[in-house]
């Protein structure tokens with residue numbers, strides 16, 4: 001793998017952090033339900049080491065995955081970290097013993113969360129921290145985020161955070177945060193079938209800000225589309241590879257963080273960077289969202 005096959009490179013705005021556009025999301029390294037240790041600890045270590053060996057230098061994680069599990073696995077697999085590796089984590093949630101997902105948004109909780117990430121990852125400071133708005137389910141919820149972003153800006157001034165991003169936010173929340181501090185990335189739910197953020201992606205692209213789709217392959221409900229399957233069959237690849245390649249074609253500020261606990265699946269995901277999609281195929285794929293919207297209504 002090289003930078004051409006990993007979708008090219010992107011530099012986060014106002015930083016010296018340059019990453020390959022195909023990265024890796026660590027959520028699936030934890031046990032079932034993103035809780036507890038993985039069933040195959042050695043397999044988890046192998047996936048991380050394979051990703052970095054293949055040229056991946058952008059890993060997305062959070063200390064509330066597990067909780068603490070994925071960060072500890074990342075540290076075990078990769079510390080001391082190779083030069084140029086960018087680890088992006090997120091705050092705003094916690095996992096109580098009942099395994100639910102709850103907001104953790106007070107100054108004390110956010111500050112503790114930063115220091116938990118630093119300790120479990122074995123870092124002096126965190127490259128990028130996303131403030132994640134914890135909504136009901138996985139939907140975006142409106143609401144002021146200035147208080148929480150201000151806490152992160154304070155931690156940045158203290159030197160424990162280098163740069164700040166957002167997750168699960170609306171365009172107005174992005175603007176609210178930008179009035180307080182620089183924002184280098186936005187991480188939202190977006191894929192071939194779920195395209196509510198089309199306008200936001202284009203606006204962020206004009207500003208040079210990264211857009212990082214979570215659930216790029218549909219998440220807990222994998223993308224199902226006869227169009228996607230037909231295109232993949234014609235190209236001789238997997239449908240999920242086409243879905244990832246479409247995201248790379250969609251906008252140059254899109255960075256991918258597909259997750260997996262399998263080395264074989266990781267290699268398939270990374271190979272999506274080598275797919276070229278013709279204008280005709282892109283037009284076919286663009287019709288999937290319209291079809292999905294029709295089904296919803």
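The values are calculated or read from the model by the stated rules, or taken from the named source; none is laboratory data. Not measured: the values here are computed from a predicted model. Note: ideal-geometry Cβ built from the backbone for every residue, glycine included; neighbour counts use all protein chains shown.
In this structure, residue 84 does not qualify as surrounded by 20 or more Cβ atoms within 10 Å (Cβ to Cβ) and modelled with pLDDT of 95 or more.
Which residues, counting only those in the stretch 261-272, are surrounded by fewer than 21 Cβ atoms within 10 Å (Cβ to Cβ) and either under 18 Å from the mean Cα position of the chain (by Cα) or touching a residue at least 40 places away in the same chain (Cβ under 8 Å) (or both)?
At the first step, the residues of the stretch 261-272 found to be surrounded by fewer than 21 Cβ atoms within 10 Å (Cβ to Cβ) are 261-265, 267-268, 271.
Listed by number, the residues that qualify are 261, 262, 263, 265, 267, 268, 271.
Inspect the stretch 212-235 for any residue being surrounded by 21 or more Cβ atoms within 10 Å (Cβ to Cβ), modelled with pLDDT of 95 or more and closer than 20 Å to residue 27 by Cα and give the result as yes or no. Among the residues of the stretch 212-235, at least one is surrounded by 21 or more Cβ atoms within 10 Å (Cβ to Cβ), modelled with pLDDT of 95 or more and closer than 20 Å to residue 27 by Cα, which makes the answer yes. Restricting attention to the stretch 273-297, the residues that are in contact (Cβ under 8 Å) with a residue 24 or more places away in the chain and in a helix (DSSP H, G or I) add up to 11.
At pLDDT 95 or above, over 21 Å from residue 95 (Cβ atoms) and in contact with a helix residue (DSSP H, G or I) (Cβ under 7 Å, 6 or more places away or on another chain): is that true of residue 128 in this structure?
Numbers: at pLDDT 95 or above: yes; over 21 Å from residue 95 (Cβ atoms): yes; in contact with a helix residue (DSSP H, G or I) (Cβ under 7 Å, 6 or more places away or on another chain): no.
No, not satisfied.
If we scan the stretch 70-84, do we find a residue that is under 29 Å from residue 134 (Cα atoms) and touching a residue at least 60 places away in the same chain (Cβ under 8 Å)? No; the residues of the stretch 70-84 include none that is under 29 Å from residue 134 (Cα atoms) and touching a residue at least 60 places away in the same chain (Cβ under 8 Å).
Please work out which residue is farthest from residue 273 (Cα to Cα), limiting yourself to the stretch 53-67 and to residues that are more than 15 Å from the chain's Cα centre (by Cα) and crowded, with 17+ Cβ neighbours inside 10 Å.
Taking the stretch 53-67 as the starting set, the residues that turn out to be more than 15 Å from the chain's Cα centre (by Cα) are 53-55, 66-67.
Next, from what is left, pick out any that are crowded, with 17+ Cβ neighbours inside 10 Å: 54, 66-67.
Numbers: 54: 12, 66: 30, 67: 31 Å.
Looking at residues that are more than 15 Å from the chain's Cα centre (by Cα) and crowded, with 17+ Cβ neighbours inside 10 Å, I get 67.
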